[in-house]
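The values are calculated or read from the model by the stated rules, or taken from the named source; none is laboratory data. Here the structure is a predicted model, which is why all the values come from computation and not from measurement. Positions of Cβ are backbone-derived with ideal geometry, glycine not excepted, and every protein chain shown enters the neighbour counts. Note: accessible area is taken over every heavy atom of the protein model, side chains too, but ligands, DNA and RNA are not part of it. Shrake-Rupley method; radii C 1.70, N 1.55, O 1.52, S 1.80 Å.
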Amino acid sequence: MKKGILIGFGNVGKALAREIISIDKIKIVAVLTSKGVYKLKTNWKSDLKNLINEYPKGEKENKDLLSIINELMPDIAFITIPPSYYNGEPNLSLYNTLLDNNVNIITADKTGLALQFNYLMAKAKTKNLFFGYRATVMAGTPAIDVAKGLKGRNVKEIKAVLNATTNYILSLIENGYSIQSAIEKVKELGLVEPDPKIDIDGYDAAAKLTIILNTLGISSTIKEVNRESLLNVDEERVRRALNEGKRVKYIAYFDGNNKRISLEEIEMDSQLAKVSKNYNCVVFNVDNDTITLTGPAGPAISTAKVMITDLLEYLEK
């Protein structure tokens, strides 16, 4: 029986906890949150169910990650904490602590891989550790699996809609909202990161593009991706484009030289133009042909289920 710890207990963390309860080959020994560390006892499934229902209530301790690793000796950690793209912390330290102490990783957080993909993957490989990250890009759709399948191919261009929040904001602008009123609307609906700049200034899409590129074998960091803020949007241009048979989309782009997140007019017959709600789309131009993948990015349960896919792969290995 493998021992696991959950790091982060927001919507995704709770959804993941519900899914893990039904799996018999692993037991969760602790949940690490911003409120403290909740250690689970012998009847861990019951303890975890209670924590899901009662959090943040419950008996907790103030211990750091290294202390928990030394005390409980987990085999694997599931990471669902918020991203930290500005300086990478505390996320980068968390990844390094886990790998340095021979703990396998399954993550939905993009921070480490967006900033230090090659370094972290090399460290995991050297230690023969599993590092699952399917949930970092288009969570509910196997974009990472497709990218792995294209490694070594001649990927000439990538165009993608990778952030559902900004896509929804643009759809609101199409329907007469101003950019500011559209942002307030997505805040009311809970569709934006706690730090809205992560979505609106393109960090989220840039992180996902970076992870796709690295998975393809194209070494990249988020710092190399040029980002145009959605705040630069011309509202009239968005509405005018509809009358011209186009839609303005917030596009993640790569062509071998350029890596950017920017506003772009897309022809209406393109799959990129048709993406709506919580769906994402990525178009690979490969060997003079096109491969298009469209599917859901969320909600939390979709992300959790993809982390379970990683878990099953880990258990099989």
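Tabulated data for the structure shown
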read-out: Region 112-133, residues that are open to solvent by 40 Å² or more (accessible area, probe 1.4 Å), in a helix (DSSP H, G or I) and not hydrophobic (A, V, I, L, M, F, W, C); value: 116, 118, 119, 125, 126
read-out: Every residue from region 1-48 that is assigned to a loop (DSSP other than H, G, I, E, B), of a type outside the set (Val, Ile, Thr) and touching a residue at least 40 places away in the same chain (Cβ under 8 Å); value: 8, 9, 10, 25
read-out: Test for residue 263: is it more than 19 Å from the chain's Cα centre (by Cα), open to solvent by 60 Å² or more (accessible area, probe 1.4 Å) and among the aliphatic types (A, V, I, L, M); value: no
read-out: Failed item in (1) open to solvent by less than 50 Å² (accessible area, probe 1.4 Å); (2) modelled with pLDDT of 95 or more; (3) under 19 Å from the mean Cα position of the chain (by Cα), with residue 164 passing the rest; value: (2)
read-out: Residue under evaluation residue 158, criteria (1) buried (at least 23 other Cβ atoms within 10 Å of the Cβ); (2) in contact with a Phe, Trp or Tyr (Cβ under 8 Å, 6 or more places away or on another chain); (3) assigned to a helix (DSSP H, G or I), criterion not met; value: (3)
read-out: Selected residue (criterion: most open to solvent (accessible area, probe 1.4 Å)) from residues of region 49-82 that are aliphatic (A, V, I, L, M) and assigned to a helix (DSSP H, G or I); value: 66
read-out: Selection within region 215-240 - assigned to a helix (DSSP H, G or I) and either on the phi > 0 side of the Ramachandran plot or surrounded by fewer than 19 Cβ atoms within 10 Å (Cβ to Cβ) (or both); value: 223, 224, 231, 232, 235, 236, 237, 239, 240
